[in-house]
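What follows is a short report on a single structure.
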Amino acid sequence: MFGLGPMELILVFLVILLLFGAKRIPEIAQGIGKGINEFKKAARDVTDEIETSAKYEPPKQTTKNELKEEKKNVTPKES
């Protein structure tokens, strides 16, 4: 794992333990876990948005003849 042996991992863990103390390590791990979950959720939302926009169909364009027919069907308002 990242070229670190068991002794190096133990040394890193001891340094972290000395820097933050035993009480703060669970809080830090919890914060990291929440951050990872939030990142995964945001990535999933972006993926869903991209997939949704890829399925988007532009609105049908109306031809001139269809517009003329619609104008004929509209009754004028009486004042």
Exercise. Is there a residue in the stretch 6-13 that is under 32 Å from the mean Cα position of the chain (by Cα) and charged (D, E, K, R)?
Worked result: no
Problem set entry | Exclusive hit being surrounded by fewer than 10 Cβ atoms within 10 Å (Cβ to Cβ) and at pLDDT 75 or above, set Ser53, Ser79 | Ser53
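The values are calculated or read from the model by the stated rules, or taken from the named source; none is laboratory data. Just so it is clear, the structure is predicted and the values come from calculations on it, not from any experiment. A quick note on method: Cβ atoms are made from the backbone with ideal geometry, for glycine too, and the neighbour counts reach across all protein chains shown.
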